[in-house]
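Undergrad: Let me begin by handing over the structure; questions about it come next.
The values are calculated or read from the model by the stated rules, or taken from the named source; none is laboratory data. What you are looking at is a predicted structure, and each value in this text was computed from that prediction instead of being measured. Please note: Cβ atoms are built from the backbone with ideal geometry, for glycine as well, and neighbour counts cover all protein chains shown. Calculation scope for accessible area: heavy atoms of the full protein, side chains included, ligands and nucleic acids excluded. Shrake-Rupley method; radii C 1.70, N 1.55, O 1.52, S 1.80 Å.
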Amino acid sequence: MSKDKEISANDFAPTEHLSDKHHMAIPWHDFFTNDNFTPAYEANLVERAAIVGRIGLMMLSYGTGAWRVRDSMNTVARTLKMTCSVDIGLVSLEYTCMDAHHSYTQAISLPSTSVNTTKLSQMERFIKEFDQHGSEMTIGEIHSRLEEIAHSKGNYAPYQVGLAAALACSAFVFLLGGGPVEMFCSFIGAGLGNYARRKMIDRHITLFAGVAVAVAVACLSYLLALSLMQLTFNVSSRHEAGYIGAMLFIIPGFPFITSGLDISKLDMRSGLERMTYAIAIITVATLVGWIVALMVNLRPENFQALPLSALMLFLLRLPASFCGVFGFSIMFNSTPKMAATAGCIGAIANTLRLELTDLTGIPAGAAAFLGALVAGLLASIVKRKIQYPQISITVPSIVIMVPGLYMYRAMYNIGLTSISLGTLWMTKALMIVVFLPMGLIAARILTDSKWRHNG
């Protein structure tokens with residue numbers, strides 16, 4: 001096969017002055033003429049392939065897994081009378097579009113990765129509309145719709161994202177066994193930490209610097225809040241154990257879960273890159289937390305037992321799980337309704353997981369599998385009624401199950417050369433992390449025939 005036409009470097013040169021950014025913006029408008037009359041499927045191969053690539057890159061940038069990116073690109077390619085083959089990573093994709101006589105190959109990438117469930121929902125609605133009416137849309141109309149989605153503003157200001165992290169982490173601390181003091185101090189620490197992180201993201205500060213500063217701010221803010229409470233209310237220093245909860249907003253649950261989903265569909269490149277990305281963030285976060293703990297003499301001790309009956313604990317776990325999932329969903333830019341939906345699913349699934357562990361003695365990994373399975377089954381039912389992307393309500397609902405406490409304790413003990421104890425905590429964390437995506441995978445196999453089959 002040959003290319004549709006000969007393309008020179010000057011054909012797609014941006015008309016504006018190029019900046020010195022490390023990742024150059026893709027000049028999508030240079031790939032097509034602003035034609036609002038000719039149907040897109042009648043355009044030349046380069047213009048049609050550019051639509052497929054742009055849609056794939058946008059889906060990738062909003063945090064969805066490789067399977068959904070490929071499925072969206074295939075849907076668009078079929079409507080535009082082409083065949084598409086794509087190789088997908090964490091921040092890049094290489095694809096080839098072919099028609100009867102020509103082929104066009106392109107490699108495109110993103111400067112960074114993030115999660116935006118609102119834009120993901122908008123893209124999925126657009127893909128569904130395109131599948132039904134794409135043959136009637138023009139090149140100009142398609143790119144205009146994509147521009148509208150790409151440049152839509154986020155739902156929340158930095159202080160609101162900080163409050164969401166504060167809510168999520170204080171609820172998380174309660175679910176781990178913390179009391180009112182730990183919850184209050186975690187609220188302060190996580191809120192300020194995630195606010196600092198969001199401000200650094202808005203200024204395009206590099207990943208590791210943003211993670212390190214956010215964790216340091218969270219831990220120190222927790223310590224400051226606890227010190228003020230000690231001076232004011234004479235609380236015990238034993239409450240310092242909750243400082244770990246203040247940094248749990250940094251745990252990259254979304255890429256952790258989607259890496260398992262990608263690997264299950266043999267998207268090995270995307271799965272392994274997402275897993276490496278998640279591990280890198282956790283490594284930096286736990287190392288910074290460990291260093292701060294050594295500097296200010298904090299220790300990750302066990303929480304003091306709460307004087308609650310089994311029934312009261314069960315009744316409190318439901319709203320705490322809801323608040324935790326709701327807060328994490330807001331951090332992913334979900335709309336309040338979408339976040340509340342995920343929160344309801346998470347309240348049921350996470351409370352079930354915790355109750356199974358407490359009442360039956362079932363291993364934590366097996367309980368995590370059952371909790372994720374229930375979350376996936378509930379999400380499949382909800383999706384049919386309100387048409388949210390399934391990943392936008394399933395993953396937030398089980399992110400709260402990711403064992404950030406175990407991961408931190410593993411790194412803390414390894415840093416102190418207590419290798420056996422660190423390995424024990426690492427093993428506990430690994431078993432849960434492995435079983436969480438397996439629960440979602442099982443639910444998708446049971447409820448989604450398209451996911452169930454290869455090809």
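Undergrad: Considering only region 25-70, state which residues are at pLDDT below 90, within 12 Å of I108 (Cα to Cα) and surrounded by 21 or more Cβ atoms within 10 Å (Cβ to Cβ).
TA: Passing the criteria: none in range.
Undergrad: I need the full set of residues from region 71-92 which are buried (at least 23 other Cβ atoms within 10 Å of the Cβ) and assigned to a helix (DSSP H, G or I), in order please.
TA: S72, M73, V76, A77
Undergrad: Here is a list: Q122, Q132, Q106. Which entry is in contact (Cβ under 8 Å) with a residue 24 or more places away in the chain, under 30 Å from T258 (Cβ atoms) and either charged (D, E, K, R) or open to solvent by 40 Å² or more (accessible area, probe 1.4 Å) (or both)?
TA: Just one listed residue meets the conditions, Q122.
Undergrad: If you check D267, D262, which single one turns out to be acidic (D, E), in contact with a strand residue (DSSP E or B) (Cβ under 8 Å, 6 or more places away or on another chain), within 30 Å of R444 (Cα to Cα) and at pLDDT 90 or above?
TA: Details: D262 fails: in contact with a strand residue (DSSP E or B) (Cβ under 8 Å, 6 or more places away or on another chain).
Selected residue: D267, the only one of D267, D262 that is acidic (D, E), in contact with a strand residue (DSSP E or B) (Cβ under 8 Å, 6 or more places away or on another chain), within 30 Å of R444 (Cα to Cα) and at pLDDT 90 or above.
For every residue, the table says whether it meets (1) without any contact (Cβ under 8 Å) to a residue 12 or more places away in the chain; (2) of a type outside the set (V, I, T); (3) in a helix (DSSP H, G or I).
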{"residue": "I26", "(1), (2), (3)": "no, no, no"}
{"residue": "F37", "(1), (2), (3)": "no, yes, no"}
{"residue": "Y41", "(1), (2), (3)": "no, yes, yes"}
{"residue": "R48", "(1), (2), (3)": "no, yes, yes"}
{"residue": "I51", "(1), (2), (3)": "no, no, yes"}
{"residue": "I55", "(1), (2), (3)": "no, no, yes"}
{"residue": "M59", "(1), (2), (3)": "no, yes, yes"}
{"residue": "V69", "(1), (2), (3)": "no, no, yes"}
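Undergrad: Take region 93-103 and flag every residue that is open to solvent by less than 60 Å² (accessible area, probe 1.4 Å) and in a strand (DSSP E or B).
TA: Result: L93, Y95, T96, C97, M98, H102, S103.
Undergrad: Between a first residue in region 260-273 that is touching a residue at least 12 places away in the same chain (Cβ under 8 Å) and a second residue that is charged (D, E, K, R), which pairs have beta carbons less than 7 Å apart while being 6 or more apart in sequence or on different chains?
TA: D262/R274; R269/D87; S270/D262; G271/D262
Undergrad: Follow-up question, since we're still on this one. Count, please, the residues in region 238-289 that happen to be open to solvent by 30 Å² or more (accessible area, probe 1.4 Å), of a type in the set (D, E, K, R) and touching a Gly at 6+ places or on another chain (Cβ under 9 Å).
TA: Matching residues across region 238-289 total 3.
Undergrad: Can you find a residue in region 317-333 that is assigned to a helix (DSSP H, G or I) and free of Cβ contacts under 8 Å to residues at least 12 places away in the same chain?
TA: So far as region 317-333 goes, no, none of its residues is assigned to a helix (DSSP H, G or I) and free of Cβ contacts under 8 Å to residues at least 12 places away in the same chain.
Undergrad: Can you go through K428, K385 and tell me which one is closer than 25 Å to T286 by Cα and of a type in the set (K, R)?
TA: When all the criteria are applied, what remains is K428.
Undergrad: Just to be sure before I move on: is M401 touching a residue at least 24 places away in the same chain (Cβ under 8 Å), crowded, with 23+ Cβ neighbours inside 10 Å and out of contact with any Leu (no Cβ under 8 Å at 6 or more places or on another chain) in the structure I sent? Break it down into steps so the answer makes sense when it comes.
TA: Details: touching a residue at least 24 places away in the same chain (Cβ under 8 Å): yes; crowded, with 23+ Cβ neighbours inside 10 Å: yes; out of contact with any Leu (no Cβ under 8 Å at 6 or more places or on another chain): no.
Criteria not met by M401.
Undergrad: Suppose the filter is among the aromatic types (F, W, Y) and in contact with a Leu (Cβ under 7 Å, 6 or more places away or on another chain); does Y277 pass it? Steps first, answer last, please.
TA: Details: among the aromatic types (F, W, Y): yes; in contact with a Leu (Cβ under 7 Å, 6 or more places away or on another chain): yes.
So Y277 passes the test.
Undergrad: Every residue in region 277-289 that is farther than 16 Å from A429 by Cα and out of contact with any Pro (no Cβ under 8 Å at 6 or more places or on another chain), please.
TA: Selection gives V284, L287, V288, G289.
Undergrad: Does region 317-324 contain at least one residue that is more than 19 Å from the chain's Cα centre (by Cα) and farther than 20 Å from A168 by Cβ?
TA: Within region 317-324, not a single residue is more than 19 Å from the chain's Cα centre (by Cα) and farther than 20 Å from A168 by Cβ.
Undergrad: Let me confirm something: among I381, I419, I414, which residue is without any contact (Cβ under 8 Å) to a residue 24 or more places away in the chain and within 22 Å of the chain's Cα centre (by Cα)?
TA: None of the others qualify; the one that does is I381.
Undergrad: Still on this structure, please answer the following. On the given criteria, is Y388 among the aromatic types (F, W, Y) and part of a helix (DSSP H, G or I)?
TA: no
Undergrad: Please state which of the following conditions K199 fails to meet, knowing it meets all the rest: (1) open to solvent by less than 60 Å² (accessible area, probe 1.4 Å); (2) part of a helix (DSSP H, G or I); (3) of a type outside the set (S, T, N, Q).
TA: (1)
Undergrad: Right, next: Looking only at region 154-196, filter to residues that are of a type in the set (S, T, Y) and open to solvent by less than 30 Å² (accessible area, probe 1.4 Å); which one of those is nearest to the chain's Cα centre (by Cα)?
TA: Ranking the candidates gives S170 first.
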